[in-house]
1. Filter the range 41-71 down to the residues that are in a strand (DSSP E or B) and of a type in the set (A, V, I, L, M, F, W, C) and list them by number.
2. Give the number of residues within the range 41-74 that are open to solvent by 70 Å² or more (accessible area, probe 1.4 Å) and within 12 Å of Val4 (Cβ to Cβ).
3. Evaluate the range 72-80: report whether one residue or more is touching an Asp or Glu at 6+ places or on another chain (Cβ under 9 Å) and in a loop (DSSP other than H, G, I, E, B).
4. Take the residues in the range 1-55 that are within 12 Å of the chain's Cα centre (by Cα) and hydroxyl-bearing (Ser, Thr, Tyr), then tell me which one is modelled with the highest pLDDT.
5. Find the residue count for the range 56-84, including only residues that are out of contact with any His (no Cβ under 7 Å at 6 or more places or on another chain), touching a residue at least 40 places away in the same chain (Cβ under 8 Å) and hydrophobic (A, V, I, L, M, F, W, C).
Amino acid sequence: THDVRVQKIGKHYRAYERRSSNWKTNVGTSILEEVPVKEKWQRWADLAGEIFGGMDILTVDLMVNSDTNEEIIVEVNDTASGFA
């Protein structure tokens, strides 16, 4: 299992995948890598922005099940996103 953070700033999108021996680890041994933004991630970010009143700066955090590749949205953050 790993997580993905999708950043939306206006019309610009970036995605970062974080992998480690323990998915809860966000410092030290985790590896953060920029990955191509999937079309559905961009759509999710756009929809989240619309749902919350037209936010242009936000992140969508996903968990990805390594066995099934199922992606689950964990949270949406506004400008307090901790951009990489």
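The values are calculated or read from the model by the stated rules, or taken from the named source; none is laboratory data. Just so it is clear, the model here is predicted, and its values are computed rather than measured. Please note: Cβ atoms are built from the backbone with ideal geometry, for glycine as well, and neighbour counts cover all protein chains shown. Heads up: the accessible areas ignore ligands, DNA and RNA and are worked out on the full protein's heavy atoms, side chains in. Shrake-Rupley method; radii C 1.70, N 1.55, O 1.52, S 1.80 Å.
1. Here is the first cut: in the range 41-71, the ones in a strand (DSSP E or B) are 57-64, 71.
Once the filter is applied, which keeps residues that are in a strand (DSSP E or B) and of a type in the set (A, V, I, L, M, F, W, C), the range 41-71 yields Ile57, Leu58, Val60, Leu62, Met63, Val64.
2. Matching residues across the range 41-74 total 4.
3. Going residue by residue through the range 72-80, those that are touching an Asp or Glu at 6+ places or on another chain (Cβ under 9 Å) are 73-77.
Filter once more, keeping what is in a loop (DSSP other than H, G, I, E, B): none.
No.
4. Out of the qualifying residues, it is Tyr13.
5. Final tally of qualifying residues: 8.
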